[in-house]
Protein chains: 2
Amino acid sequence: MSDPSPAVARAGFPVSRQVLADHVYEALLEWLMDGRLEPGAAVSIDGMARELDVSPTPVREALARLEHTGMVRRVALKGYRVAPVFTREDFAELMEARLSIEPVNAKLACSRMTPEGLDALKRAVEDLKTAPRGGTFAEYRSYLEADERFHQLIAAQANNQFLLAAYNTLGGQIQRFRLFGGVGITDAEQAIAEHQAVLDALTGGDPEKAAEMMVDHVEKVRGRAMADAPED
Amino acid sequence: MSDPSPAVARAGFPVSRQVLADHVYEALLEWLMDGRLEPGAAVSIDGMARELDVSPTPVREALARLEHTGMVRRVALKGYRVAPVFTREDFAELMEARLSIEPVNAKLACSRMTPEGLDALKRAVEDLKTAPRGGTFAEYRSYLEADERFHQLIAAQANNQFLLAAYNTLGGQIQRFRLFGGVGITDAEQAIAEHQAVLDALTGGDPEKAAEMMVDHVEKVRGRAMADAPED
DNA sequence: ATGCCACAAATCCTATAGGAAAGCAGGTGC
DNA sequence: GCACCTGCTTTCCTATAGGATTTGTGGCAT
């Protein structure tokens, strides 16, 4: 429909070209995810422009887009800051929101699943199982990516642009918490089993079961994280 | 929580000052809601700058923020366009999304309702009842505003920043559909009764009932709109 | 020592200028 | 008549400059 597939005109010619602001956006997103930009840190427009060797104009545009994701916050005439670290209460709210949205996505995705979608989900779970789980970010990065991809794919398979948009507003925050929740990957075996259970329900074509397994997964994620980080 | 109430320092001094890009953002939002910018129309950066008598820079920033709301869409090197009209399928998806999110908001709002929140909700319903309902936009504008405010307040009272953000991604689309769904206000009496039923449940402190009434309301809205606009 | 004020540096914000790409019109060749 | 090419206009995109605001620092009075 809105798929801009009209023309992959010639080989080597990007279908949808990017402008400088897009690259800046991706660079900033990467730095936010990497932790190179730490929570609470100021994100100076001029500073980022110098660092990326561009003018402040595209940086300003990229930050304006990033603001709505909740990753950075803006105060007029004062500038942008990386969103502060999650409090225990923030985390509880985030999990509550996930419990409201993700089971619905799972249920709808189950009844509308395409073979391609199912394949992609299987690959995501497979990637979860084979991903390295070392202590440094570079090592468990692919694990986090596969985790996020799994949930994102389910939201996409629900085949509802508005639910997908709603989930995506959470997705970035979930990813951010995974990074700064601080506990690394300590629950991979259990998380993988839970993902597998969701995938099995989806494969089996049982929407209610899929929703139930998703609730189970998110609740257990919440339980483990709450146990890991009781301070605050 | 994110309420910027820290200081109404001195009389006449705006709490959080605005910059030009904020005004441009609000002006564009107003024009989108008014229908002055029709679906599918191009939104030229330079053109808007001329019309608002500012430079293109703040217009560019405002549009970058607007893009994420789904009201406008951007194609690199080609510019921004107002999002196209809702198809019947889009509408069905939007209602499905509302049914997934709003009842949860109502349930949570009910158990966390503050006296101030309840007062605000009562005012919104009262405004709905007293708002003029003429045929022109200027006349039924306040009706639409009260309707949107009612749902927005419930989302806010759920007291979950992430659910609120998720709802807000829908809110703009809902408002946009109300305008371009094209049927004006033909169901005010029924809609008011349904809103009142939700309010009663919230006042009574029965979360399940509140969720149920919200489901009922959204489903009936869907039914009426589907009946009004069977073409497409 | 503490509070206050002036000054300087950094930053945000807006305007302007110019290069690059896209759209459009008109003309030419087949 | 139709396709294609050329030149022009519009628009987007980026860089730069300068005014406005905030922040940090040092000195001064109490």
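The values are calculated or read from the model by the stated rules, or taken from the named source; none is laboratory data. A quick note: this is a predicted structure, and the numbers were derived from the prediction, not measured. So basically every Cβ, Gly included, is an ideal-geometry build from the backbone, and we count neighbours across all protein chains shown. All accessible areas refer to the heavy atoms of the entire protein, side chains included, with ligands and DNA or RNA removed. Shrake-Rupley method; radii C 1.70, N 1.55, O 1.52, S 1.80 Å.
Points to keep in mind about this one:
- Remark: relative contact order (segment B:4-141) = 18 percent; criterion is Cα-Cα distance under 8 angstrom and separation of 6 or more residues.
- Chain-alone versus full-assembly comparison, segment A:54-74, residues with accessible loss of at least 10 Å² (1.4 Å probe): A:T57, A:R60, A:E61, A:A64, A:R65, A:E67, A:H68, A:R73, A:R74
- Percent carbon-and-sulfur accessible area, chain A, ignoring ligands, DNA and RNA, probe 1.4 Å: 52 percent
- 0 to 90° range, to nearest 10: angle between helix B:161-180 axis and chain B longest Cα axis: 80 degrees
- Unit charges at the beta carbon, dipole of the protein assembly as shown: most positive-side option, B:V85, A:W31, A:L199: A:W31
- Label geometry 7 Å along the beta-carbon vector: A:E51 inter-copy distances in nm: 3.7
- Take A:A138, move 7 Å from Cα toward the beta carbon, and the resulting point lies 6.6 nm from the same point in each other copy, nearest first.
- Across segment B:82-97, computed HN-Hα scalar couplings (Karplus, 6.51 cos²θ - 1.76 cosθ + 1.60, θ = phi - 60°) run 5, 4, x, 4, 5, 8, 4, 5, 4, 4, 4, 5, 4, 5, 4, 5 Hz from first to last residue, x flagging Gly and Pro.
- Shape of the protein assembly as shown, Cα gyration tensor, a/c cut at 1.5: rounded
- Whole-angstrom gap from segment A:162-232 to segment A:22-47, using each part's C-alpha centre: 26 Å
- Per-residue mean of foreign Cβ neighbours for A:77-90 is 1 (Cβ atoms of other chains, 10 Å radius).
- Equivalent ellipsoid semi-axes, segment B:88-228, via Cα gyration tensor eigenvalues times 5, rooted, Å: 22, 17, 14
- Contact order normalised by residue count of chain A, Cα under 8 Å, 6+ apart, percent: 21 percent
- Take each residue in A:161-172, count the other chain C-beta atoms within 10 Å of its C-beta, and the mean is 6.
- When Rg and the Kirkwood radius Rh are both evaluated on Cα atoms of segment A:95-146, their ratio Rg/Rh stands at 1.10.
- Each residue of segment B:120-127 is assigned a 3J(HN,Hα), and the resulting list reads 4, 5, 4, 4, 4, 5, 4, 4 Hz, derived from the Karplus form 6.51 cos²θ - 1.76 cosθ + 1.60 (θ = phi - 60°), x at Gly and Pro.
- Qualifying lysines (Cα of each under 25 Å from Cα of B:K107; at least 8 residues distant if same chain): A:K107, A:K209, A:K220, B:K122, B:K129, B:K209, B:K220
- Counting Cβ atoms of other protein chains within 10 Å of each residue's Cβ and taking the mean over peptide B:127-138 gives 0.
- Per residue, segment A:88-228 exposes 41 Å² of accessible surface when a 1.4 Å probe is rolled over the protein heavy atoms with every protein chain present.
- Think of each Lys and Arg Cβ as +1 and each Asp and Glu Cβ as -1; about the Cα centre, that makes the dipole of chain B roughly 640 debye.
- Residue ranges A:83-94, A:161-172 sort as A:161-172, A:83-94 when ordered by packing (mean number of other C-beta atoms within 10 Å per residue, highest first).
- Taking the Cα centre of the protein assembly as shown as origin and assigning +1 to Lys and Arg Cβ atoms and -1 to Asp and Glu Cβ atoms, the resulting dipole is close to 1060 debye.
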